[in-house]
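Engineer: What follows is a single structure, and I will ask about it in a moment.
Every number in this text was worked out from the coordinates using simple rules, so none of it is lab data. Not measured: the values here are computed from a predicted model. Neighbour counts run over all protein chains shown; Cβ positions are idealised from the backbone, glycine included.
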Amino acid sequence: MTAPLPPPGWYPDPGGANIQRYFDGTKWTDRLAPFNPPETPAPRMSSGNAATIVLVALHAVLVFFTLLLIFFLLGDTDPHDQCRIHNLHCDRGPHIREAALIGVVASAALIILELVLVTFAYLRKRQRRSFAVPLLCCIGQFIIICALVITGGE
């Protein structure tokens, strides 16, 4: 049993050369043409995607700075043991621990929100939204840092 023949048309040359040969439906002809495979354009990053990546990276840096600030606020508040030496109660209070917990939870919520919304906007090809989300998350993270600094200063 033989395989059915392909319909008439231009096909890559079965000899392996970088040319096309015409098949008339029964046999290969002597008609040749240069083989120009369709060029697939290389994917290029648009400026909107680059800006989104920069903002996501900036948000990551702000989150890292937030965590450093939280560890600093929760760290040893009396490095030279002055409170112990003078028999003073130097506890900075539960408000610092609450602020740190709120800062961690809010940062985690912003990270999750950013990942979900940027991915959704990217899949939907909505560049403005994919740019706006990390920008708003950076602003939110900056507000968290300011709140921690103000709370830590009390």
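Engineer: Within region 100-112, take every residue that is loosely packed, with under 15 Cβ neighbours inside 10 Å and closer than 15 Å to Val56 by Cα and give me the one that is nearest to the chain's Cα centre (by Cα).
Structural biologist: The extreme case among them is Ile112.
Engineer: Another one. Being touching a residue at least 60 places away in the same chain (Cβ under 8 Å) and under 19 Å from Phe71 (Cβ atoms) is the filter; apply it to region 113-150 and report the residue that is farthest from the chain's Cα centre (by Cα).
Structural biologist: Val149
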